[in-house]
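This report concerns only the one structure given below.
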Amino acid sequence: MENLWEFLSLRDPNIRYVVLGSILLAASSAIVGTFTLLKKKALVGDAVAHSVLPGICLAFILTGVKNPFYLVIGAFVTGWISLVLIDYITKHSKIKEDTAIGLILSVFFGIGILMLTVIQKSGNAAQSGLDHFLFGQAASLVGQDLLVFSAIALILMIAVLVLFKEFALIAFDTHFAESIGFPVRALELVLTTLTVLAVVTGIQAIGVVLMAAMLITPAAAARFWTDKLTVMIFLAAGLGAFSGLVGAYISYVAPAMPTGPWIVMIISIIAITSFFLAPQKGILFRMITQRKFQTQMLEENILKLFFQLGERADHKYFDTRSVDDITRRRPFELSKLQRGLKNLRKQGFLEATATGWVFTQAGKSKGQRITKLHRLWELYLTEYLKIAPDHVHEDAETIEHIITPELEKRLEEQLQFPSMDPHKSQIPYQR
Amino acid sequence: MIQNVNNPVLELHDLTVTYNKKPVLWDIDLTLPSGAIIGVIGPNGAGKSTMIKSIMGLVPLSSGYVKIFDQDLPTVRHKVSYVPQKESVDWDFPASVMDVVLMGRYGKLGLFKRPRKADKEVARECLRRVDMEAFANRQISQLSGGQQQRVFLARALAQEADLYFMDEPFAGVDAATEKAIINLMKTMSEQGKTVVVVHHDLQSAMEYFDWVVLLNLRLVASGPVNDVMTSTLLQETYGGKLTLLAEVGELLTKKEFPSRENQ
Ligand SMILES: Nc1ncnc2c1ncn2[C@@H]1O[C@H](COP(=O)(O)OP(=O)(O)OP(=O)(O)O)[C@@H](O)[C@H]1O
Ligand SMILES: [Mg+2]
């Protein structure tokens, strides 16, 4: 806990830089990654991430120093080459894109690992820390490294800000973009370059193995919460930044631990939570709505039944009905019925008596309305859609629960307040 | 029956288009009159979409040239509008109806600039013309097929062009929407605009179009609707006579032969 306060207070300038850097990197790759996701290029992002490793190693071998500037250039070059190769293979052979991606990814990464092993065996003192590029080490993000990577991150954000409209257009409809004369190829090139750069910024804090996740996952999580592209981008940036912050903290309390897996784990938890919790699209939200609807149907069906029992008993609506009376008319599942009855009492639509249950005034109104809607809908189906009277009951059983007061009014007016339904039952209007 | 016109809005000269060496359009020579509603008709795989894409510069030409208003496309681009088949985009994209219609203004706006208030008003007016004003803020994934088509039309209207190419705007729309769309096209043509429409239904083609282009890998016919929609010409378009052409095309792919000597 003390650690956390110490960390969050940002008193130590070192911590301040690491935190700032991690947030910047994670946010910028999330922003660029939003377009990678929308263009359905998630796998390409993964290939690039793995393909920068040989570039990093090569830069180190050629220069003999661990200068972030050279390493970035090396990473950028092999990252790009991998993309060009994927493109070339897909266009000029029978190999499909996904296969080409898998091929390039493993070949480049394999070569990278090989070179890394050679470097580590060579005994060059400067190489210590090069293996951080595999799984990331946020705490090593200081001095010159921090400067270079943060500068790239800023460039990325500004580029997306300036070209937002253009990127959105080519992600949605490339042909249209081309037809209005936008330089689509150039724009694609810029976006690809930004993607490679976004990968490059993350190599130190997150590592090449998991960098693709930082590109795609924040955007995927954000998509669950919004249908607006601008909101989606900000949200992705925020979620990315948060996981970056957590990564920096882990790196601070447990310096031996690689940061990449932690950061990715945090953002993945966020994504999975979104999958379950997000409104409209989340699984949990859908389950809850389903349940709510089922409960509503059950309760309204009980009230409707009470009303119909009253109708049959010579309009004595406020007599006690026993559970037997109810199930004789309609075979409810007993446990559900009991639950429904109790809920209705809580809501003030029914009251319990010594021998059973009885309507309140509000309960009678509601039961009456549902009965009316059921019969009106049956009439509507037979009159307007010419459906046989013996086919309309099932349909009305559902529709009666979803008709809004406005629709109810229109239904009444269109049918001109009829008095009988197709089965010659009275339609009960409120007076 | 290939009728040519003076001062055409569109001229195709010896147009050949190939995919992987396989020609899908052979030596098309075509001129189209201005201010007409023009139907492009032919069986599946006849190359209708390809012809429109090649006119819009979206697929490379193997030979020939395209002139629009007697100019090359880049100089007259702002006067031309292209409506792709609606299946060509992902309607799950995070955008509202308004966002999509505003894209029609991007050509006039150019790079880097954001839509202005005036653009939004034009977009809203275009939505009104296709009867979709109430849907302006609706997420596009929540639209029906017919509504998606209307949104695409509104986007095209927002371009304020003089020549429109529409790839199957009637596909998957109900009768009411079809009627609304054709009325819109009639209004456009009264304003002197030319509308070129890829279409599949021969019955309605008779009443919708002033001019018809029959296509099946090659140009079969082009002329006023009543001269072109004859049983002989339709038979020639839809009948099996072109299998030879298709087979030669297949051969060119297999042998990786260039379709032109100088390639
Ligand atoms: N990108 C492509 N690569 C290779 N072949 C293609 C490509 N697009 C189309 N083709 C081929 O070109 C031919 C013409 O296709 P096109 O889409 O132009 O036909 P169409 O007349 O629009 O058909 P439809 O009525 O089905 O839309 C077809 O044989 C098709 O298989
Ligand atoms: Mg087509």
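The values are calculated or read from the model by the stated rules, or taken from the named source; none is laboratory data. Since the structure is predicted, the reported quantities are computational estimates derived from the model, not experimental observations. No Cβ is skipped: glycine too gets one built from the backbone with ideal geometry, and neighbour counts run over all protein chains shown. Just the protein is used for accessible areas: all its heavy atoms, side chains included, with ligands, DNA and RNA removed. Shrake-Rupley method; radii C 1.70, N 1.55, O 1.52, S 1.80 Å.
Which whole-angstrom value gives the distance between the alpha carbon centres of segment A:140-172 and segment A:2-41?
Distance between centres, Cα-based: 13 Å.
Let me have the 222 nm mean residue ellipticity of chain B computed from DSSP H runs of 4+ only, each contributing -39500 (n - 2.57), with the sum over all residues rounded to the nearest 500. If you can, show how the numbers build up before the last one.
Values: 10 runs with 100 residues, N = 263.
Helices in chain B give a 222 nm mean residue ellipticity of -11000 deg cm²/dmol.
Given a 1.4 angstrom probe, what's the average accessible area per residue across the protein assembly as shown, in square angstrom?
Values: 32810 Å² over 694 residues.
Accessible area per residue, the protein assembly as shown: 47 Å².
Amide H of B:Leu25: which non-local residues (sequence gap of 5 or more, or other chain) have their own amide H closer than 5 Å, using H built in the peptide plane?
The list, which skips near neighbours in sequence, is B:Val17.
Evaluate the distance, in nm, between pseudo-label points positioned 7 Å from the Cα of B:Phe112 and of A:Tyr384 along their respective Cα→Cβ axes.
Distance between the two pseudo-spin positions: 5.6 nm.
Return the sequence-ordered ³J(HN,Hα) values of segment A:76-91 in whole Hz as given by the Karplus equation 6.51 cos²θ - 1.76 cosθ + 1.60 applied to θ = phi - 60°, using x for Gly and Pro.
With the stated coefficients, segment A:76-91 comes to 4, 5, 5, x, 5, 4, 4, 5, 4, 5, 4, 4, 5, 4, 5, 6 Hz.
Gap in Å between the Cα centre of segment A:279-300 and the Cα centre of segment B:146-208?
Measuring centre to centre over Cα atoms gives 41 Å.
Per residue of segment A:295-310, what does 6.51 cos²θ - 1.76 cosθ + 1.60 with θ = phi - 60° give for ³J(HN,Hα)? Whole Hz please, x for Gly and Pro, Karplus curve as stated.
Karplus-based 3J(HN,Hα) across segment A:295-310 equals 4, 4, 4, 4, 5, 5, 5, 5, 4, 4, 5, 4, 5, 5, 4, x Hz.
For segment A:2-278, what are Rg and Dmax over the alpha carbons, in angstrom?
18.4, 60
Please compute the Kirkwood hydrodynamic radius of segment A:22-68 from all pairs of different C-alpha atoms, in Å with one decimal.
Details: mean 1/r = 0.0803 Å⁻¹.
Computed over segment A:22-68, the radius equals 12.5 Å.
Rounded to two decimal places and with Rh computed the Kirkwood way over Cα pairs, what is Rg over Rh for segment B:21-176?
Working: Rg = 16.6 Å, Rh = 17.0 Å.
Result: Rg/Rh = 0.98.
Quick one: length gained pulling A:Phe285 to A:Leu161 fully straight, 0.36 nm per residue minus the C-alpha distance?
Values: separation 124, 0.36 × 124 = 44.64 nm, distance 3.31 nm.
Result: 41.3 nm gained on full extension.
Calculate the translational D of the protein assembly as shown in whole µm² s⁻¹ from Stokes-Einstein, where the hydrodynamic radius comes from the Kirkwood formula applied to all Cα pairs, the temperature is 10 °C and the viscosity 1.306 mPa s. Don't skip to the answer; put the middle values down first.
Numbers: Rh = 30.6 Å.
Calculated translational D: 52 µm²/s.
Could you order A:Ile104, A:Ile283 by accessible surface area, starting with the largest, using a probe radius of 1.4 Å? Walk me through the intermediate numbers first.
Values: A:Ile104 10, A:Ile283 65 Å².
Largest accessible area first, the list is A:Ile283, A:Ile104.
Estimate the FRET efficiency between B:Glu125 and A:Val253 by the formula 1/(1 + (r/R0)^6), using the beta-carbon distance for r and 51 Å for R0, to the nearest 0.05.
On the way: r = 60 Å, r/R0 = 1.17.
The value I calculate is 0.30.
Work from the charge dipole of segment A:2-278 (Cβ charges, +1 for Lys and Arg, -1 for Asp and Glu, about the Cα centre) and give the residue of A:Leu197, A:Ile73, A:Phe176 farthest towards its positive end.
My answer, from the dipole projection, is A:Phe176.
Compute the acute angle (0 to 90°) between the alpha-carbon long axis of helix A:361-384 and the principal axis of greatest extent of the alpha-carbon atoms of chain A; round to the nearest 10°.
That works out to roughly 80 degrees.
What are the residues of segment B:90-131 that lose 50 Å² or more of accessible area, with a 1.4 Å probe, going from their chain alone to all protein chains?
Relative to the lone chain, where solvent access is computed with a 1.4 Å probe, segment B:90-131 loses at least 50 Å² at B:Phe93, B:Pro94, B:Met103, B:Tyr106, B:Leu111, B:Phe112, B:Arg114.
Under the definition of partner shielding as Cβ atoms of other protein chains within 10 Å of a residue Cβ, what is the mean value for peptide A:166-176?
Numbers: counts 3, 0, 6, 5, 0, 5, 10, 9, 4, 10, 17.
Whole-number average of other-chain Cβ neighbours for A:166-176 is 6.
Helix A:211-225 against the longest principal axis of chain A: what's the angle in degrees, Cα atoms only, rounded to the nearest 10?
Result, in degrees: 20.
Over chain A, what percent of the accessible surface lies on carbon and sulfur atoms, probe 1.4 Å?
64 percent
Per-residue accessible area for B:Asp90 at 1.4 Å probe radius, Å² rounded to 10?
60 Å²
For a Förster distance of 51 Å, can you work out the FRET efficiency between the beta-carbons of A:Ser335 and A:Asn3, rounded to the nearest 0.05?
Values: r = 51 Å, r/R0 = 1.01.
Efficiency computed from Cβ-Cβ geometry: 0.50.
Name the long-range amide H neighbours of B:Ser63: under 5 Å, sequence gap of 5 or more, or other chain; modelled H, no Pro or chain starts.
B:Thr16
Using the Karplus equation 6.51 cos²θ - 1.76 cosθ + 1.60 (θ = phi - 60°), what ³J(HN,Hα) coupling, rounded to whole Hz, does each residue of segment B:51-63 give in order, writing x for Gly and Pro?
Ordered by residue, 3J(HN,Hα) equals 4, 5, 4, 5, 5, 7, x, 8, 10, x, 8, 7, 7 Hz.
Which value, in square angstrom to the nearest 100, describes the accessible area buried between chains B and A on both sides, using a 1.4 angstrom probe? Before the final figure, lay out each step's value.
Working: alone 13030 and 22220 Å², together 32810 Å².
Buried: approximately 2400 Å² between A and B.
At what distance in angstrom do the alpha carbon centres of segment A:326-349 and segment A:387-428 lie from each other?
24 Å
Please list the non-local residues whose amide H lies under 5 Å from the amide H of B:Ile2, H modeled 1.01 Å from N, same-chain partners needing a gap of 5 or more.
B:Ser222
Enter the mean number of other protein chain beta carbons within 10 Å of the beta carbon of each residue in A:180-191, as an integer. If you can, show how the numbers build up before the last one.
Working: counts 16, 10, 4, 1, 1, 0, 1, 1, 0, 0, 0, 0.
Other-chain Cβ atoms within 10 Å of each residue's Cβ, averaged: 3.
Which Cα, out of B:Thr75, B:Ala156, B:Leu111, lies furthest along the positive dipole direction of segment B:66-171 (beta carbon charges, K/R +1, D/E -1)?
B:Leu111
Averaging the inverse of every distinct alpha carbon separation and then flipping it gives the Kirkwood radius. What is it for segment A:286-414, in angstrom units?
Numbers: mean 1/r = 0.0646 Å⁻¹.
Roughly 15.5 Å, rounded to one decimal.
What number in nm² do you get for segment A:59-102 if you take the convex hull of its Cα atoms and divide its surface by four?
Details: hull surface 14.2 nm².
With every direction weighted equally, the projected area is 3.6 nm².
Gain in length, A:Ile73 to A:Gln120, computed as 0.36 nm per residue apart minus the alpha-carbon separation, to one decimal in nm? Could you put the intermediate results ahead of the total?
Details: separation 47, 0.36 × 47 = 16.92 nm, distance 2.10 nm.
14.8 nm is the gain from fully extending A:Ile73 to A:Gln120.
What do you get for the angle between helix B:117-129 and the principal long axis of chain B? Use alpha-carbon atoms, 0 to 90 degrees, nearest ten.
Roughly 70 degrees, rounded to the nearest 10.
Which whole-number percent gives the relative contact order of chain A, counting Cα pairs below 8 Å spaced six or more residues apart? Numbers along the way, then the final one.
Numbers: 615 pairs, mean separation 74.9, N = 431.
Relative contact order, chain A: 17 percent.
Would you work out the relative contact order for chain B, in percent, from Cα pairs under 8 angstrom that are 6 or more residues apart? Before the final figure, lay out each step's value.
Numbers: 474 pairs, mean separation 74.7, N = 263.
Relative contact order comes out at 28 percent.
For a bin width of 5 Å, list the pair-distance distribution of chain B built from all Cα-Cα distances, rounded to whole %.
Cα pair-distance distribution for chain B, in percent: 1, 6, 13, 16, 18, 16, 13, 9, 6, 2, 1, 0.
Taking a quarter of the surface of the Cα convex hull of segment B:1-79, what do you get in nm²?
Values: hull surface 22.5 nm².
Its Cα hull, projected and averaged over all orientations, spans 5.6 nm².
Report the dimensions of segment B:62-122 along its three principal axes from the alpha-carbon atoms, largest first, rounded to Å.
Answer, in whole Å and largest first: 40, 29, 19 Å.
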